[in-house]
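S.K.: Structure below; questions to follow.
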Amino acid sequence: MYLAMMLALSLLVFYALHSLLALTGVKEWAARRLALDRWYRLGYSLVSMALLAWVVCAYVEANRQALWTGTPVMVVPGATLILLGGALSTVAVLRFGGGSFLGFFPEKQTGLVRTGLHGKVRHPIYSGMIIAAIGWSVLSPTVATFIVVGITFVYLPIGIHLEERKLIAKHGDAYRQYKAKVPTLFPKPW
């Protein structure tokens, strides 16, 4: 029980700081007070990676009890979903330039992206995360996996809401029109 609680705590801290540090006001404060305007994104990425390392360590410690015994038949669909989700998220990140997305290079000023994957869904990185998380649940049906996936699924609407507020502030009516036409996470079947 203690290990599961530590895993949940690590995730809550990760997502809370991830969202807090992504707020425009926090970025502006760091640029003014700490002179981090050029290096903020890299610092954000490094803090995120350190917190993610904590989550991974907590997961490894808590990942002891399987909820059911997976079969070899489950490996193919689970691994396929993980690879598909990972590829989708990677393509979406690379659309913004992987190095600049992580903060190694200045962010590219792309304007509102409405083409490629972003022409089908507004948040393809999150779509990929959901697909990969489902695959992970199939491949590793443990209490620890379901804690991670469950908290992630609870967090995603919050993260999407915060990100969309920022995009509306930046792009105004153009983003509102885009939001009205393009679904959030999964493309329309027609």
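S.K.: Just from its helices, what would the mean residue ellipticity at 222 nm be for the chain, if runs of 4 or more DSSP H residues each count -39500 (n - 2.57) and the sum is divided by every residue, rounded to the nearest 500 deg cm²/dmol? It would help to have the intermediate numbers written out before the result.
M.R.: Details: 8 runs with 137 residues, N = 190.
Taken over the chain, the calculation gives -24000 deg cm²/dmol.
S.K.: Now for a separate question. Taking the Cα atoms only, what angle lies between the long axis of helix 124-139 and the longest principal axis of the chain, rounded to 10 degrees?
M.R.: The answer is roughly 10 degrees.
S.K.: What's the percent breakdown of Cα-Cα distances in the chain across 5 Å bins, shortest bin first?
M.R.: In order of increasing distance, the bins hold 1, 7, 12, 17, 20, 17, 12, 8, 4, 1, 0, 0 percent.
S.K.: Could you work out which residue, out of G111, G78, G86, moves most in a Gaussian network model of the chain, that is, has the largest mean-square fluctuation with Cα springs under 10 Å?
M.R.: Top of the fluctuation ranking is G111.
S.K.: Quick one: among A79, A169, A92, which has the greatest mean-square fluctuation in a GNM of the chain with alpha-carbon springs under 10 angstrom?
M.R.: Top of the fluctuation ranking is A169.
S.K.: Something else about it: Using a Gaussian network model on the chain with a 10 Å cutoff between Cα atoms, which of P157, P72, P124 fluctuates the most?
M.R.: P72
S.K.: Shifting gears a bit: Could you tally up the Lys pairs in the chain with alpha carbons closer than 21 Å? Skip any pair fewer than 8 positions apart unless they're on separate chains.
M.R.: Within the chain, the lysine pair count is 15.
S.K.: Taking amide H positions as placed in the peptide plane 1.01 Å from N, state which residues far from T142 in sequence (5 or more) or on other chains have amide H under 5 Å from it.
M.R.: L67
S.K.: Tell me the angle of helix 40-62 to the major Cα principal axis of the chain, expressed in degrees between 0 and 90 and rounded to the nearest ten.
M.R.: So the helix axis and the longest Cα principal axis differ by about 10 degrees.
S.K.: Compute the long axis of helix 72-94 from its Cα atoms, compare it with the longest principal axis of the Cα atoms of the chain, and write down the angle in degrees, 0 to 90, nearest 10.
M.R.: Once rounded, the angle reads 10 degrees.
FYI, it's all coordinate maths here, none of it is from the lab. This is a predicted model, so every value here is computed, not measured.
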